[in-house]
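Shown next, in structure tokens, is the structure this report addresses.
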Amino acid sequence: MARRSKRRPYVDAFVEFGRTGRLGALHGGASLTEVAAVHGTPWTGGRVYDKRRWPHWFGYGDVSLCVCGCRRIEMIIVPTWHRKCLVPGDRPDRLRRVPPLTYGMIVPALDAAGVEWRLDEYPGLPQRTVVTEPDGGRIEFVFATEKYCHEARQDIPLRTPVLNKIVAAAAPHECPPIPPGTPDDGWGS
């Protein structure tokens, strides 16, 4: 395991996320009840699709969790484009702010930790996507390569790509059917 940096703890945490698919107690397939035992009660965002009972959105701070009917996490979204992106801290109900992170900070740290990754680029989109695939899941570190300049009224290239979001999709799982008439009881408390 790579040595932890005292000056850049989020780089280390996100490298570990890319390596293992885990961001603290949050990981694909994790039971929301078990996550709540570590991080406290999640916020509830309701149904993902209007006409489907499940999945639902839950989360902590700015981190969104897409959760299936068996209350297991299917997807984790960390929107680091927020200037004050808040992620779960080390104690229940504690949130910590993630500072802006760059391609030049994350990619060398992935390499130093021995994490296998590949670069996906999409022609016409102003982004670079670094992909890791731990335990059958998929972690995408999406870096913006341009920023909108209000004064110039146009997108301008960034000198170094900035981490815009992290999207982690879990490996597929099978869950038991939800019996008809079962109430939507939130996160499973």
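The values are calculated or read from the model by the stated rules, or taken from the named source; none is laboratory data. Keep in mind that what you see is a predicted model, and the values were worked out from it rather than measured. Heads up, the Cβs are rebuilt from the backbone with ideal geometry, glycines too, and the neighbour counts pull from every protein chain shown. Remember, those area values only see protein heavy atoms, side chains included, never the ligands or the DNA or RNA. Shrake-Rupley method; radii C 1.70, N 1.55, O 1.52, S 1.80 Å.
Listed by position, the strands (runs of 3 or more DSSP E) contained in the stretch 117-168 that have at least 2 residues being open to solvent by less than 60 Å² (accessible area, probe 1.4 Å) are 127-132, 138-149.
Pick out the one residue from Tyr49, Tyr10 that is touching a residue at least 12 places away in the same chain (Cβ under 8 Å), not polar (S, T, N, Q) and not in a strand (DSSP E or B). Steps first, please.
Values: Tyr49 fails: touching a residue at least 12 places away in the same chain (Cβ under 8 Å).
Of Tyr49, Tyr10, the one residue that is touching a residue at least 12 places away in the same chain (Cβ under 8 Å), not polar (S, T, N, Q) and not in a strand (DSSP E or B) is Tyr10.
Could you grab me the full set of residues in the stretch 23-46 that are in a strand (DSSP E or B), open to solvent by 10 Å² or more (accessible area, probe 1.4 Å) and of a type in the set (A, V, I, L, M)? Don't jump to the end; show me each part of the working.
At the first step, the residues of the stretch 23-46 found to be in a strand (DSSP E or B) are 23, 26-27, 31, 43-46.
If we keep only those that are open to solvent by 10 Å² or more (accessible area, probe 1.4 Å) as well, we get 23, 27, 31, 43-46.
Residue satisfying the conditions is Leu23 alone.
For (1) open to solvent by less than 10 Å² (accessible area, probe 1.4 Å); (2) in a strand (DSSP E or B), each residue gets a yes or a no:
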{"position": "Ile76", "(1), (2)": "yes, yes"}
{"position": "Trp81", "(1), (2)": "no, no"}
{"position": "Asp90", "(1), (2)": "no, no"}
{"position": "Arg97", "(1), (2)": "no, yes"}
{"position": "Pro108", "(1), (2)": "no, no"}
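Okay, residues lined up against (1) over 17 Å from the mean Cα position of the chain (by Cα); (2) among the β-branched types (Val, Ile, Thr); (3) closer than 19 Å to Ala25 by Cβ:
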{"position": "Lys51", "(1), (2), (3)": "yes, no, no"}
{"position": "Val67", "(1), (2), (3)": "no, yes, yes"}
{"position": "Glu74", "(1), (2), (3)": "no, no, yes"}
{"position": "Leu95", "(1), (2), (3)": "no, no, yes"}
{"position": "Pro100", "(1), (2), (3)": "no, no, no"}
{"position": "Ala109", "(1), (2), (3)": "yes, no, no"}
{"position": "Glu121", "(1), (2), (3)": "yes, no, no"}
